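Please read the structure below before turning to the comments.
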Amino acid sequence: MHVFVTGATGWIGSAVVDQLIDGGHEVTGLARSDSSAAILAGRGAKVQRGDLDDLDSLRAGADAAEAVVHLANKHDFSDHAGTNAAERAAVQALGETLAGSHRRFVVASGLAFIAPGRVATELDKSPFHGVDSMRGGSENLALDFTAQGVDSIITRFAPTVHGTGDRWFLAELVSIARRTGVSAYVDEGANRWSAVHVADAAGAVRLALEKPVPAGTILHAVAETEISTRAIAEAIGRGLGLPVESAPEEHFGWVGRFFGAEMSAANHATRTLLDWTPTGLGLFEDLVSYF
């Protein structure tokens with residue numbers, strides 16, 4: 001299968017590209033720089049030059065492929081409006097290109113604020129619609145394209161996709177603890193996160209392409225379903241030899257609104273549909289490599 005991948009040199013995207021190529025698929029990755037293009041070529045992928053704002057490049061990549069995996073996101077937490085608008089425009093362009101073809105369209109999403117106060121399941125619909133909402137409402141937009149002959153599949157990733165080379169949520173929490181001299185949690189730290197090793201997350205994406213998953217399916221790339229944020233803070237504190245205490249969301253900067261949120265998630269339906277069994281290190285086992 002020829003797969004066009006956006007975010008192909010990103011944290012999850014790099015692992016996805018490697019697994020797809022190892023699985024015998026042909027991959028074309030979106031690259032916005034010479035260095036990204038060289039990385040992709042070195043991995044055995046073809047290159048589509050462009051970025052998330054280059055809608056013509058996105059359309060060309062999708063048009064030439066048998067399936068699309070959309071992982072790119074600007075992740076500019078200083079410009080939520082711009083990030084959300086770019087995400088929605090990209091999904092719109094890709095969906096329009098795939099319309100009527102029944103080609104698979106795997107779209108990355110998240111678990112933030114999907115099911116406040118409880119464990120989210122794959123049956124939970126995103127409450128976000130429109131460009132002014134989380135991720136520009138791109139999850140629901142992608143699912144809307146199923147009525148236009150697109151085999152859209154949503155893959156919601158755990159908030160911590162951990163592993164060697166991680167620079168995102170877990171790495172940021174460790175960095176904040178080092179910088180402030182305290183490993184903190186929000187309020188009582190009773191809210192829970194889910195977690196998954198990056199190799200398992202990439203495996204779920206590959207299987208979403210390979211398995212006969214019905215269009216409109218929501219998957220949870222989640223291995224560990226419920227870990228209290230206080231337990232995460234305590235593990236970081238032990239690893240760095242720092243005190244552990246409660247702090248307001250502002251203490252954490254951009255990651256605070258997420259670290260104070262409920263982002264636990266079930267994975268039973270995903271395991272069953274994909275015949276997927278995560279085998280990577282658990283969060284606490286892996287956390288030692290962050291110190």
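Alpha carbon centre of the stretch 29-108 versus the stretch 180-196: separation in Å? Spelled out, the Cα-based centre of one part sits 33 Å from the other. Rounded to the nearest Hz, the phi-derived 3J(HN,Hα) couplings of the stretch 243-258 under the Karplus curve 6.51 cos²θ - 1.76 cosθ + 1.60 (θ = phi - 60°) are x, 10, 7, 6, 8, x, 4, 4, 4, 9, x, 4, 7, x, 5, 7, where x marks glycine and proline.
Each residue in I236, I21 was given a count of other beta-carbon atoms within 10 angstrom of its own, and listing them fewest first yields I21, I236. Per-residue extension of 0.36 nm, minus the Cα-Cα distance of W168 and A190, leaves a gain of 5.8 nm for this segment. For the stretch 134-139, the Karplus equation 6.51 cos²θ - 1.76 cosθ + 1.60, evaluated at θ = phi - 60°, returns couplings of 3, 6, x, x, 5, 4 Hz by residue, with Gly and Pro reported as x.
In the set (1) 55, 38, 38; (2) 69, 46, 39; (3) 48, 41, 39, the label that goes with Cα extents along the principal axes in Å computed for this structure is (1). Within the listed set E87, E96, E188, the residue fluctuating most in the Gaussian network model of the chain (springs between alpha-carbon atoms under 10 angstrom) is E188.
Summarising the amide proton neighbourhood of K46: residues at separation of 5 or more, or on other chains, whose placed amide H is nearer than 5 Å comprise V27, T28, G29. Taking the C-alpha atoms only, the angle from helix 169-180 to the longest principal axis of the chain is near 30 degrees. Once you reduce the stretch 111-142 and the stretch 1-24 to the center of their Cα atoms, the two points are 25 Å from each other. Converting phi to 3J(HN,Hα) with the Karplus coefficients 6.51, -1.76 and 1.60 and the offset θ = phi - 60°, the stretch 53-59 yields 8, 8, 5, 5, 5, 4, 4 Hz in sequence order, with x at every glycine or proline.
Taking label points 7 Å from Cα along the Cα-to-Cβ direction, A99 and D63 give a separation of 1.5 nm.
As a footprinting exposure proxy, order D187, D166 by other Cβ within 10 Å, with the fewest listed first. Intermediate results must be reported in sequence, preceding the final value.
On the way: D187 13, D166 19.
Least crowded to most crowded, the residues run D187, D166.
Counting beta carbons within 10 Å around each of R118, R88, R32 and listing the fewest first gives the order R118, R32, R88.
You can think of it this way: the chain between R178 and A81 has 31.9 nm of extra reach, that is 0.36 nm per residue less the Cα-Cα gap.
Only the coordinates and a few stated rules stand behind these numbers; no lab work does. Just so we're clear, the structure is a prediction, and the values are computed from it rather than from any experiment. Reconstructed Cβ throughout: ideal geometry from the backbone, glycine too, with neighbour counts over all protein chains shown.
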